[in-house]
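Visitor: One structure, pasted below without further comment.
What follows is calculated from the coordinates using simple rules that are stated; it is not laboratory data. Here the structure is a predicted model, which is why all the values come from computation and not from measurement. Note that we place each Cβ from the backbone using ideal geometry, even for glycine, and neighbour counts take in every protein chain shown.
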Amino acid sequence: MPTNVATIETLKKEHKEGELRLDQHAPLDAQIEHLIRTDQHLNITRATKVPQLHTGPDPEGLKILPEHTRKRLVEGGVDISKGYPEIPDRSKIPVFVDQAYAIRNEDYPYIERGANADPEKKSLFAAAKEIKDVTKHIGTEITGLQLKDLTDKQKDELALLIEERGVVFFRNQKLPPKVQRDLGEYWGQVEVHPQTPQVPGLPGITVIWNDYLQKNGMNINFKNDNYGNFDILRYGSVGNQTWHTDLVHEHQPAGITHLHLDTIPDVGGDTIWASGYAAYDKLSEEFKRFLDGKKAVYVSAHSYLDRDDPFGGPKRVERVFPLVRTHPATGWKYLFVNRSMTRRIIGVTPVESDLILNYLFDVYEKNADIQVRFRWNSEPGYGTSAIWDNRSTQHRAVWDNEGIGARHGTRVTSLAEIPYFDPKSKSQREALGLPISKED
């Protein structure tokens, strides 16, 4: 099987009857790449299985665009005259797994803004009307503060609060998309996704709009929307209903993620988060010692072809990271697993790995006391933001509105540090002096 990595642009091309054709002597991998990129009926990498999505702004999307969303986009200076959302250029979507690795495969500088913030968060709290914890272990809501008006000092303190509490909520926000991206860029390199729909002219702002994907062929319904939470390998996932942590396949995975909903159903469409700090502290001390220092394999949500074995089935980007990570801002240990994208533990048998991982998934998913469920309601004409630490939490959407009542949002994710484990770090309960039960 040829391993020539020449790209399509370097190969001899000819036009015949208006169609782009390759030299018949081109390497097989180049021929396959050309076929996938030029045949609109083929879909290798789009997770939504919607090959008919065209490239560029989609005029059809404007026909179902919610009015609240349209107003926010236009007032925020977004040009939607040619369509919405903007679909990434098909020619730039990775076909082979080595192309996906190459997107971001080297170290880049990262500043942990929360590490040097005032631990009392005096500047942030003084600007707010109210700060209220939603549950004991995860989730805080801040009222009386506009995200677009934050100073750098307040952004640092907010980063630390997010990293301590897992997720922070802000209702009644006037937030232009560009300001949302600027905030993400302050916290780290903004991830620009090569596959998902984006806000036109603002790469790095992903459109979260199941109504649009469903209209374009995504098969989601009342019966199948949770299948992935029973067996992700057998059933896969539809939408974002399976418990997950974003972008675990990145060389430097996700840090802070900000989802802003500008159109919210009257009832339904909630999101649930669970704390990785608390999940770790749910484990026995002996089991913690066993897991500390272990590593696991994490995979991408999207699949690709292997250039050396293109007919051997889909391949995913794989990374090896600590199963228990230390947070660079809080210094606390947390359990870094998720059902969607954690594949196996290194150093144990496959059977042992499956047993351990399925138990760890359950610790996150079945302990209601370490979770928060958030309803996204706001005053008319305003949106709501949830900003979470995508390292020390898991989350999942709840598709109970079934597309009845529009739901639309924009998401920005800031990439963070290379994951690490510090054997001297403490768990959250240990660091805060909270009781830790000992097993006999």
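Visitor: Could you give the nm distance between label points at LYS132 and LYS153, where each point is 7 Å from its Cα heading toward the beta carbon?
Guide: Each label point is offset 7 Å from its Cα along the Cβ direction, giving 2.8 nm.
Visitor: Still on this structure: If we sort 235-247, 396-408 on the protection proxy, mean other Cβ atoms within 10 Å, highest first, what's the order?
Guide: For the peptides 235-247, 396-408, the packing ranking is 235-247, 396-408.
Visitor: So, one more: Ranked highest first by the average count of other Cβ atoms within 10 Å around their residues, in what order do 351-359, 321-329 fall?
Guide: Highest to lowest by the protection proxy: 321-329, 351-359.
Visitor: Turning to a different aspect of this structure: What shape does the chain have by the C-alpha gyration tensor, where a ≥ b ≥ c are the square roots of the eigenvalues, rounded means a/c under 1.5, and otherwise prolate means a/b greater than b/c and oblate the rest?
Guide: Here the chain falls in the oblate category.
Visitor: How much length is gained on full extension from PHE125 to LYS223, taking 0.36 nm per residue of separation minus their Cα-Cα distance?
Guide: 30.9 nm
Visitor: For LYS426, list long-range residues whose amide hydrogen, built 1.01 Å from N in the peptide plane, is under 5 Å from its own amide hydrogen.
Guide: LYS333
Visitor: Next question. Would you order LEU35, LEU161 from fewest to most other beta-carbon atoms within 10 Å of each residue's own beta-carbon?
Guide: Going from least to most buried by this count: LEU35, LEU161.
Visitor: Rounded, prolate or oblate for the range 283-359? Axes are the square roots of the Cα gyration tensor eigenvalues, ordered a ≥ b ≥ c, and the cut-off for rounded is a/c under 1.5.
Guide: Since a/c reaches 1.5 and a/b is larger than b/c, the shape of the range 283-359 is classed as prolate.
Visitor: Across the range 85-100, in residue order, what do the Karplus-derived ³J(HN,Hα) couplings come to in whole Hz, using 6.51 cos²θ - 1.76 cosθ + 1.60 with θ = phi - 60° and x for Gly and Pro?
Guide: Listing the rounded values in order: x, 9, 8, x, 4, 4, 5, 9, 6, x, 9, 9, 5, 5, 5, 5 Hz.
Visitor: If the reach is capped at under 21 angstrom between alpha carbons, list the lysines near LYS178, excluding any in the same chain fewer than eight residues apart.
Guide: Within the straight-line limit of under 21 Å, LYS178 reaches these lysines: LYS71, LYS82, LYS148, LYS153, LYS155.
Visitor: Around ASP306, what is the net charge, scoring Lys/Arg as +1 and Asp/Glu as -1 over all other residues with Cβ under 15 Å from its Cβ?
Guide: Summing Lys and Arg as +1 and Asp and Glu as -1 gives -3.
Visitor: Further question: Provide the per-residue ³J(HN,Hα) series for the range 161-170, in order, calculated from phi with Karplus coefficients 6.51, -1.76, 1.60 and θ = phi - 60°, each as a whole number of Hz, with x at glycine and proline positions.
Guide: 4, 4, 6, 7, 9, x, 8, 10, 10, 9
Visitor: If each of LYS424 and ASN377 carries a label point 7 Å out from its Cα toward its Cβ, how far apart are those two points in nm?
Guide: My value for the distance between the label points is 5.0 nm.
Visitor: If I model a spin label at LYS71 and ASP182 as a point 7 Å from the Cα along the Cα→Cβ vector, what separation in nanometres do I get?
Guide: 2.3 nm
Visitor: Relative contact order of the chain, please, whole-number percent, based on alpha carbon pairs below 8 angstrom and at least 6 residues apart.
Guide: 23 percent
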